[in-house]
Each structure stands twice: as C-alpha cells, then as structure tokens.
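Colleague: If you scroll down you'll find the structure; I have some questions about it.
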Amino acid sequence: MDSGGTEKVLPEERSRASFKTEAMTNVLDGGEAKTKRRRWIVGMSRGMELGLEKYHMSREELLQRHVKDFLEIHGEWGDRMAINKFKPTREEVVWMSEAAMNSGPFWDHYVPFWTALQGQASPEQLAVWGPRAARMGIVGTYAQTELGHGSNVRGLQTTATFDPATDSFVLNTPSLTSLKWWPGGMAKLATHAVLYAQLVTKGKSHGVHAFLLQLRDENHGILPGIELAELGPKMGDHSHDSGCMRLRDVRIPRQYLLEKYQHVDKEGVYHKAQVAEAGVPLHYSSMLLTRASWVKLAGGQTAKAATIAVRYSAVRRQGFTADGEERPLVDHTVQRHRLLVGVAVAYALKFTGNAFLQKVLLLEDPSTDPKAKVAQMPALAAESASLKAFSTSLAAEVIEDLRKCCGGNGYLLSSGIAALALDDLWHVTAEGDFVVLLLSAAKYHVK
C-alpha cells in the first residue's frame, strides 16, 4: 500500500536537527563507550520483539513468554555472574528495563530481591545463596509490603519469633492487615523471598529485619504453613504475577536472618553490628537503590512516549497552510509546546537519574567506610524519597499527555503509547506512595 507521501517525513525532520544525534546519544549515555555497551546489552533481545500479538495475549501467555525470553537471554550470563565473571551495574539493569517489551517477575528477582540479598546478607550467607540466585537456581521476590502497611515499614505486623528449643524463627502473619501484599513473582514463579518481619526474641521486639524464606520445594509445590495467591488483573503490567501470602507457624533456621548488620545466637541473644549502632535503618539500603534506579527509568519511559508522540505528530496532518498545503501536527504551536515539554522532561529525568544513581552507589561500594555509609543514609533517604516521588509522578503525567497528543490513535493499545502509560503507572506508588515520600523528605529538611 502506498504511504501517501509519509515515507519521507521522518528522514526530512531528522535532517533539520542542529546537532548530531550520535553525539547527543553519547551525552545521554555518559560517553561513547557507554553507548557501545548499552547497545550490546539491549541487543541481546534482538529478534524477540513482541509485535501486535502482545495485545491479544492472555496474562498467562504473557508470563510464559516473559519466562521463556528471560531465560534465553540471561541463562549464560547468570552462570557467569555466579562465578563472578560478570556483574551488571545498576545503570545497565536500568538499560535492560528500558528495553524490555514484556517485563515481568524476573525483574523482582534481579532488582529488589538480589539487591536486598547483596546489601543485607553476610559474606558467608552471600557465598551460599548468591551463586544460586545469580544462575536462577532460586528465584526470589521481595516481601515487604502488607495489606495494611506500605511506606510505614516500622508498622509491619509480620512476626519472626525466635524459638531456642528448635534453633529457629517462627514466622506468622497474625492478622488480615499483616498479609504480605503485592510481591511481584510471588503468585506463580518465586521459590524464595526476602521477607521483612518484626524480630522477636526473649519476649522483646528488635524491629523490622530481613529473612530468607523458601516458598516452594524442588517440585515447585508450596511449602507447609504458607498460603499463596495471585491478586488478579491490574491496569497494566500484565505479565507480572503480583501475589499475596499468609504465614502460619512457618519455621526457618536461625541462620536465615540476613546477618550483615546483626546476629542472634543460639541462646536468643540479639547482637547488633557496631556500624548499625547509630540507629540508622541500614536495611533500607536496598529500597534506596531501587528508588534511584526508578528515577533513571522514569526518564527512559518518558523518552519512549515522547518518541512515539513526536513521530506521530510529524506524520499526522491537521488543517492547511496559507498555501493550501496540509499542515503537520508538529507545526501547530500548542501541539509543539506539549511535545517539547515531554522531550525536555525526558532529558531532565535522564540526567537527574544518572547523577543520583552514581551518588547512591556508595552504599554498594565495599571500599566505602561503613561509618560513611551510615552518615550518608538520612540525606540519601530523603533525596531518594523526593526524587522517586517527583520523577515517577511527573513521568506518569507527561506520558499521559503525550498519549493524548496522539489523538484517537493514542487510545489504541497497538500504538504502544497507551500500553506504556498503563504499564508505567505502578511506579508512582510502588516502593513508597509519592505523597508519603514527599512528606517524609519534607520532615527531614524541616528538622
């Protein structure tokens, strides 16, 4: 079918640029070497792209496709990670997330679960569980949020009570509001979870701590005392099997408390590492790193939406010029203003994400003095809260306006931008509702 003259539109628009696109790409990526690295990484999925068939697939089919493609792409690299021959940086993980056309529960495994394990497990624990997690011998999820508690982490009601007679912790979700709620991958895929619970020993609560919990056996059957379910259809992100969990007297070995900053001995005596004595919640480090990644990802998602809307506006015609020629949408002042706002926000979020991600990486740097990490935590927590809240809510608003810039076609899932707008929405709330995070950051600054 003839294109009606539109095949020349985009090449002509690109030829008018006042800068070299490759040079700008290098600036966005942080240099020519990083651009080369990014293209190599995202090129791993070349040939696996989902076309229009994606919007006709069931949730079960999308999950199956996610698992199949992820294992095909990452299998070899997981083996190399297990023997410390390859370790993707936080920035590289964001590149993967930006490029993913069918993100799903393996994101929860390699981002929040893996981050928590690396940040809170002792070296001895990481030596055992790390290689298995890297090669997907175990698949993890991040079980922090409860039905009645999200950003208020201190209020979590799940309990881990130490029993010296069996040298184990007994896990319970004692009320409806304590049910673990929302963990991605929990309903269908995960075999293990990093579980956040109130640690109780000798009748005293020591606050929220992280534990490793096995959910399923070698045949993928759910273990006794654990009840798992899927939350059901969501607005978007349909290949994510978000789940919920109830625990009834589930026992785990004492050594399954993640012990980088504390330890419970056989008698039930609680010992805190000296670096943690300052009272700074170091177990928040995994959450901070995830939030920092989302600041950068917000820029990538906005950039994709801006690309679709700008291209559409260059090709689509509306009205006539004084010479009687049909006028491109992009030449209309109001439309151009809306598009340029989207493009500008994408650039701003990308540069902000780059800078902030580098700042929080000190939490993972083994050469950084632990006392320096403790000193930085309050400021980083406030900054990550404000930036995560602002960037994700701004991205959601701008992506929606860019979708509207595409007129009726922006309502079609096949446009790409409609699905993007829905799939991105959960970032505004996950890892901290944006209003709660902004208020927590304000509280820090007012002190």
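Colleague: So, of the residues in segment 380-392 that are open to solvent by less than 40 Å² (accessible area, probe 1.4 Å) and farther than 19 Å from Val111 by Cβ, which turns out to be farthest from the chain's Cα centre (by Cα)?
Modeller: Step by step, filter segment 380-392, then rank; the result is Ala382.
Colleague: Give me a count of the residues in segment 393-430 that are open to solvent by less than 40 Å² (accessible area, probe 1.4 Å) and outside any helix (DSSP H, G or I).
Modeller: 4
Colleague: Mind checking which residues of segment 114-137 are among the hydrophobic types (A, V, I, L, M, F, W, C) and under 22 Å from Ser293 (Cβ atoms)?
Modeller: Trp114, Ala116, Leu117, Ala121, Leu126, Trp129, Ala133, Ala134, Met136
Colleague: Of all residues in segment 414-442, how many are closer than 14 Å to Ala381 by Cα and of a type in the set (Val, Ile, Thr)?
Modeller: Final tally of qualifying residues: 1.
Colleague: Given the options Leu52, Leu10, name the one that is farther than 30 Å from Leu189 by Cα, more than 22 Å from the chain's Cα centre (by Cα), surrounded by fewer than 15 Cβ atoms within 10 Å (Cβ to Cβ) and of a type outside the set (Val, Ile, Thr).
Modeller: Leu10
Colleague: Among the listed residues Leu62, Leu50, Leu71, which satisfies the condition of being assigned to a helix (DSSP H, G or I) and farther than 22 Å from Arg132 by Cα?
Modeller: Step by step, each of Leu62, Leu50, Leu71 is checked, and only Leu62 is assigned to a helix (DSSP H, G or I) and farther than 22 Å from Arg132 by Cα.
Colleague: Which of the residues that make up segment 22-47 are under 28 Å from Leu357 (Cβ atoms) and either open to solvent by 90 Å² or more (accessible area, probe 1.4 Å) or in a loop (DSSP other than H, G, I, E, B) (or both)? Steps first, answer last, please.
Modeller: As a first pass, look at segment 22-47 and keep what is under 28 Å from Leu357 (Cβ atoms): 22-46.
Answer for segment 22-47, where residues must be under 28 Å from Leu357 (Cβ atoms) and either open to solvent by 90 Å² or more (accessible area, probe 1.4 Å) or in a loop (DSSP other than H, G, I, E, B) (or both): Gly30, Gly31, Glu32, Lys36, Arg39, Trp40, Arg46.
Colleague: Of (1) out of contact with any Lys or Arg (no Cβ under 6 Å at 6 or more places or on another chain); (2) open to solvent by 90 Å² or more (accessible area, probe 1.4 Å), Glu326 satisfies all except one. Which?
Modeller: (1)
Colleague: Please list, ordered by first then second residue, the pairs with beta carbon atoms under 9 Å, 6 or more apart or interchain, first in segment 188-205 and without any contact (Cβ under 8 Å) to a residue 12 or more places away in the chain, second of a type in the set (S, T, N, Q) and open to solvent by 10 Å² or more (accessible area, probe 1.4 Å).
Modeller: Short answer, once both residue conditions are applied: Ser205/Thr159; Ser205/Gln198.
Colleague: Somewhere in segment 253-271, is a residue within 24 Å of the chain's Cα centre (by Cα) and of a type in the set (D, E, K, R)?
Modeller: yes
Colleague: Residue check, Pro233 against (1) open to solvent by 60 Å² or more (accessible area, probe 1.4 Å); (2) more than 19 Å from His109 (Cα to Cα); (3) modelled with pLDDT of 95 or more, all met but one. Which one?
Modeller: Going through the list (1) open to solvent by 60 Å² or more (accessible area, probe 1.4 Å); (2) more than 19 Å from His109 (Cα to Cα); (3) modelled with pLDDT of 95 or more, Pro233 breaks only (3).
Here's the yes/no breakdown for (1) at pLDDT below 95; (2) out of contact with any Phe, Trp or Tyr (no Cβ under 7 Å at 6 or more places or on another chain):
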| position | (1), (2) |
| --- | --- |
| Lys260 | yes, yes |
| Tyr270 | no, yes |
| Ser285 | yes, yes |
| Ala292 | yes, no |
| Gly319 | yes, yes |
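Colleague: From the list Ala143, Ala100, pick out the single residue that is small (Gly, Ala, Ser) and modelled with pLDDT of 90 or more.
Modeller: The match here is Ala143.
Colleague: Moving on. Just give me the residues in segment 234-258 being in contact with a Phe, Trp or Tyr (Cβ under 6 Å, 6 or more places away or on another chain), under 30 Å from Leu62 (Cβ atoms) and outside any loop (DSSP other than H, G, I, E, B), in sequence order.
Modeller: Scanning segment 234-258 gives a single hit, Cys244.
Colleague: Tell me, please, whether a residue that is open to solvent by 10 Å² or more (accessible area, probe 1.4 Å), outside any helix (DSSP H, G or I) and under 30 Å from Asp424 (Cβ atoms) can be found in segment 154-162.
Modeller: As a first pass, look at segment 154-162 and keep what is open to solvent by 10 Å² or more (accessible area, probe 1.4 Å): 154-155, 157, 159, 161-162.
Those left that are additionally outside any helix (DSSP H, G or I): 157, 159, 161-162.
Next cut, under 30 Å from Asp424 (Cβ atoms) only: none.
Looking through segment 154-162, none of the residues is open to solvent by 10 Å² or more (accessible area, probe 1.4 Å), outside any helix (DSSP H, G or I) and under 30 Å from Asp424 (Cβ atoms).
The values are calculated or read from the model by the stated rules, or taken from the named source; none is laboratory data. The structure presented is a predicted model; accordingly, all values stated were derived computationally and were not measured. Neighbour counts run over all protein chains shown; Cβ positions are idealised from the backbone, glycine included. With ligands, DNA and RNA removed, areas are computed over all heavy atoms of the protein, side chains included. Shrake-Rupley method; radii C 1.70, N 1.55, O 1.52, S 1.80 Å.
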